[in-house]
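Heads up: the structure comes next, in C-alpha cells.
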Amino acid sequence: MSDRNRREFILQGVAWGISLTGLTGCATGGSRRQSSVEPNRGLTTTKPQKETLPDAKDIDWDLLITNGNVIDGTGKGGFRGTVAVTKDRIASVLEGSANIDHSIVYVGTERYRLKPDCKVILADGACVTPGFIDVHTHNEEYLRTNPRAEIRLLQGVTSQIGGNCGESVDDIPRFYQLLGDLGINYGQLMGYRNLRRLAMGEEAEREATGREIDRMVDLLQQGLQAGSPGLSFGLEYAPQSSATGRELKKLAQTLANQKGIMATHIRSESDQLLESIDEMTEIALESGVSWQYSHVKALFQDNWDKYPAVLERISNANAKGVDLWGDMYLYDFSSWDFGTGRISISEENIQLGLAHPRIFIASDSGLYANGKVTHPRAYGNFPRMLARYVRDRQVISLEEAVAKMSNLPAQRFRISRRGKIAPGYKADLLVFRLEDVQDRAKRNKPNLLPVGMRYVFVNGQAAVMEGEPTGCRAGQPLQFNS
Ligand SMILES: [Zn+2]
C-alpha cells in the first residue's frame, strides 16, 4: 500500500497503531463521538478498474477489521481476511486481502460501499480471534465492585462463567439485576453448596434425606429454567463432601434430563485422585450427564506420576460415550500454595494436559472486591497461554490454543453464538500481535496486569482500545442452548 493510500485508509477511522476519533469506546450513553472525518469527501485516488467490476454493494457494517490473520476459533489455520460487524454481530467474514478506497472496500472481485461512520481497523497481519471464554471463575465479589471487569478484558476474556466449585449466589436472576451492565458477558452455574444449604439448612454436614434431595432437585430445575447452564460441585469441601452416591446420581439425572452441565471439583485431587475420577465417571455413565471436570491436575509431587492415568481415564470415559471435557489453568502451584512458595503441580503434566484434545483452558480465578487476588492466574492465565505455551515454548499451535480458549469452551457449555468468528455470531473479537502479549503476574506480584491485547470488542463495542480499557459496559448475559 502506498503512503498516500495508507493515509486515506487511516481517515476511515482507526489504523493499526494510530488512534483517531473514529473509534469510540461505547456506542451507548453520552460518550458517543462521531468521526471527525468525512471519508467520502475531498480526496482523490486512483480507483482500480471500476468498469470491470460489479456495482458496489451498500452495506450497513459498523466496524471493519481488515487484513488480519483471522483465527476463527475452530482450530483451522489462520487466513488473511476481513471481519465485518453490524451492531453486536459478525456480519461477514471475507477471505483475502482487502483494499479500501474512500468508502469502497475491494475484496477479490467484490466491492462494498461502507457507511460514512463505519470504523476501520487495519490489522496489518495481527491476529484477529474470537474473545476468550473463561468457564471457571470465582469473581462474584470483583464484578460487584468492578462491573467494568478490566482485569478480565485485558486478558482477552470477553465471557465468563461463575458459580464454580459448588459456590454460587442463591438467587441468580437477582444477582444479575444487582450487577447491572457488565463489561463482560456473564453466566452463572448454580452451586451445590447453595442447593444443600437451601434444602437442608446450615447444619448440612450429613446425609440428605429423600425429601431434602427432592427439594434440591426442585431448586435445580428452577435454576436451569431461569437460564443457568448447570450445577457445580466442590466435593472436597464440607458440607458438600457429605454427599452420597444416591444424592449425586439424582442431581446428575436431573441435569441430564434438562441438558444442564455437571461441573465438578472432584473429592480429591491428590491422594485419592484416581478413585475420585472413577466415582464421577460412574455417575456420568449411569445418568448420561454432560460432565465438566474442573481444574484437572495431580496435586503434590507424590501424585504427579498419576497424571497420565488421569488423561487415560478421560479418554476411556469418552470412548465409553461419556460427554466429558476438562479444563485446566497454567501455573505450577494451586491457590493453597500461593503463600508457601511450594511447587505443587508438575510443569510436564501441564504440557501433557495441553496436548489432550478434551482439555481446554479456564482460569479458576479468585478475584475479590476491587481486584484483590490470591493467585496470579486471575490476572494472567489467558495471556500466559499465548506468551509462554504458544510463542516462547511452542508447546501448542496458535490455532489450537485459540480453540481451547474460545470455541471449545463455548461448545462445551452450549453458549449460544459465541466462541467463533463466523457470520451471525456475536462480535466478541480480539486484535493482538503474538509478540506483544505477555502475562506479568507472578507469585510475589499476583496483581500485575498483562499487556498486548490491542483491541477487545464485546458485542461489537470497543472495550479495550490501543491497549487501554475504555470503560465500556457492553456485556450481555450469556444464553445457553438447550
Ligand atoms: Zn475448585
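The values are calculated or read from the model by the stated rules, or taken from the named source; none is laboratory data. No experiment lies behind these values; they were computed from the predicted model shown. Positions of Cβ are generated from backbone atoms using ideal geometry, with glycine treated the same way; all protein chains shown enter the neighbour counts. The accessibility values were calculated without ligands, DNA or RNA, using every heavy atom of the protein model including side chains. Shrake-Rupley method; radii C 1.70, N 1.55, O 1.52, S 1.80 Å.
Take every DSSP beta bridge with both residues inside the chain and express the antiparallel ones as a percent of the total, to the nearest 5.
Bridges in the chain are about 50 percent antiparallel.
For the full complex of protein chains and a 1.4 angstrom probe, list 141, 347, 468 by accessible area with the highest value first.
468, 141, 347
Compute the Kirkwood hydrodynamic radius of the chain, taking the inverse of the mean of 1/r over all pairs of distinct Cα atoms, and give it in Å to one decimal.
Result for the chain, one decimal place: 23.3 Å.
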State the antiparallel share, in %, of DSSP beta bridges confined to segment 132-418, rounding to the nearest 5. 5 percent
Theoretical gain in end-to-end length, residue 368 to residue 391 [0.36 nm per residue, Cα-Cα removed]: 5.2 nm
Residue 55 accessible area, assembled protein chains, probe 1.4 Å, Å²: 130 Å²
Over all Cα pairs of segment 132-418, how is the pair count split among 5 Å bins, expressed in % and running from 0 up to the last occupied bin? 1, 6, 13, 17, 19, 18, 14, 8, 3, 1, 0, 0
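Which of the peptides 427-434, 241-248, 146-153 is most tightly packed, and how do the rest follow, going by the mean number of other Cβ atoms within 10 Å of each residue?
Highest mean packing first, the order is 427-434, 146-153, 241-248.
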Restricting everything to alpha-carbon atoms, can you work out Rg to Rh for segment 75-150 with a Kirkwood hydrodynamic radius? 1.11
Diffusion constant of segment 391-465 at 25 °C, which comes from Stokes-Einstein with the Kirkwood Cα-pair radius and 0.890 mPa s, µm²/s: 174 µm²/s
Probe 1.4 Å, heavy atoms of protein chains only: per residue, the accessible area of the chain in Å² is 40 Å²
From DSSP H assignment alone, runs of 4+ in the chain each adding -39500 (n - 2.57), the sum over residues rounded to the nearest 500 puts [θ] at 222 nm at -7500 deg cm²/dmol
Using just the Cα positions, wrap segment 146-245 in a convex hull and report its mean projected area in square nanometres, one decimal place. 7.0 nm²
Rounded to a whole %, the carbon-and-sulfur portion of the accessible area of segment 149-197 at a 1.4 Å probe is 44 percent
P(r) tail fraction, segment 316-441 - alpha-carbon pairs more than 22 Å apart, %: 43 percent
